[in-house]
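Presented below is the structure to which this report refers.
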Amino acid sequence: MKVPHQPRRPLDASSMTPMIDIVFLLLIFFIITASGQISEALLPADLSAAGTVDSEVIVPELEPLALEIWLKLTVNAQGDTEVDMNGTTYRDMDKLKSQLLILAELGPENPVILDIASDVPFGDTVNVHDTCLAAHFDSISFAADAE
């Protein structure tokens with residue numbers, strides 16, 4: 001089957017007029033919408049000739065870790081007072097005092113809870129309590145058994 005062939009018409013200027021009108025309308029549309037945008041500005045930067053910039057590094061200050069400091073005072077088989085501080089046992093009170101001072105420097109807002117066994121001498125209890133006060137902890141509490 002033979003397809004009928006239509007002769008091509010030569011292009012004239014009148015056939016391009018609608019396309020030119022659309023292009024100009026789009027151009028006007030983009031110019032008007034672009035005028036409402038916030039104009040961009042260059043950031044001020046003094047660059048050295050080598051291409052590097054010296055700037056101050058700002059390190060955010062970390063918040064102290066909040067934890068409860070449990071001091072469990074017990075008497076061992078030899079009759080000496082031992083202090084268990086969050087899982088670490090101290091038999092030497094001077095070492096305990098130094099650790100409490102370090103913890104108080106790191107976070108004095110951390111609460112200290114004294115859990116004292118009934119057979120612990122009162123002098124050792126007062127000694128540990130005074131150490132916590134001297135370290136300037138904000139909160140020192142005593143644990144009590146529920147009846």
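The values are calculated or read from the model by the stated rules, or taken from the named source; none is laboratory data. Values in this document were obtained by computation on a predicted structure and should not be read as measured data. No Cβ is skipped: glycine too gets one built from the backbone with ideal geometry, and neighbour counts run over all protein chains shown. For the accessible areas, the whole protein counts, side chains as well, though only heavy atoms, and no ligand, DNA or RNA atoms are used. Shrake-Rupley method; radii C 1.70, N 1.55, O 1.52, S 1.80 Å.
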Q: Rank-order 130-138, 115-123 by packing density, defined as the average count of other C-beta atoms within 10 Å over each peptide's residues, highest first.
A: 130-138, 115-123
Q) Which far-off residues, 5 or more places away or on another chain, put their amide H under 5 Å from the one on Tyr90, with H placed in the peptide plane? A) Val83, Asp84, Met85
Q) Along the stretch 120-135, what does the Karplus equation 6.51 cos²θ - 1.76 cosθ + 1.60 (θ = phi - 60°) give for ³J(HN,Hα), rounded to whole Hz, x for Gly and Pro? A) 6, x, 4, x, 5, 4, 5, 4, 5, 5, 5, 5, 5, 5, 5, 7
Q: State in Å² the accessible area per residue of the stretch 62-147; use a 1.4 Å probe, count heavy atoms of protein chains only, and round to the nearest integer.
A: 64
Q: For Trp70, enumerate residues with amide H under 5 Å from its amide H, sequence gap 5+ or separate chain, H modeled in the peptide plane.
A: Asn86, Ile113
Q: If a/c stays under 1.5 just call it rounded; otherwise compare a/b with b/c (prolate if a/b is bigger, oblate if not). Do that for the stretch 102-147, with a ≥ b ≥ c from the square roots of the Cα gyration tensor eigenvalues.
A: oblate
**Q.** Carbon and sulfur %, accessible surface of the stretch 79-118 computed with the full protein complex present, 1.4 Å
**A.** 48
Q) Once phi is turned into θ = phi - 60°, what whole-Hz ³J(HN,Hα) does the Karplus curve with 6.51, -1.76 and 1.60 give for every residue of the stretch 76-84, x standing for Gly and Pro? A) 7, 5, 7, x, 8, 7, 10, 10, 9
Q. Which whole-Hz couplings ³J(HN,Hα) result when phi for each residue of the stretch 88-94 is put into the Karplus expression 6.51 cos²θ - 1.76 cosθ + 1.60, θ = phi - 60°, listed in order with x for Gly and Pro?
A. 10, 8, 10, 9, 8, 5, 5
Q) What is the log10 of I(q)/I(0) for the stretch 66-141, computed with the Debye formula using one identical point scatterer on each Cα and no solvent, at q = 0.19, 0.21 Å⁻¹? A) -0.71, -0.87
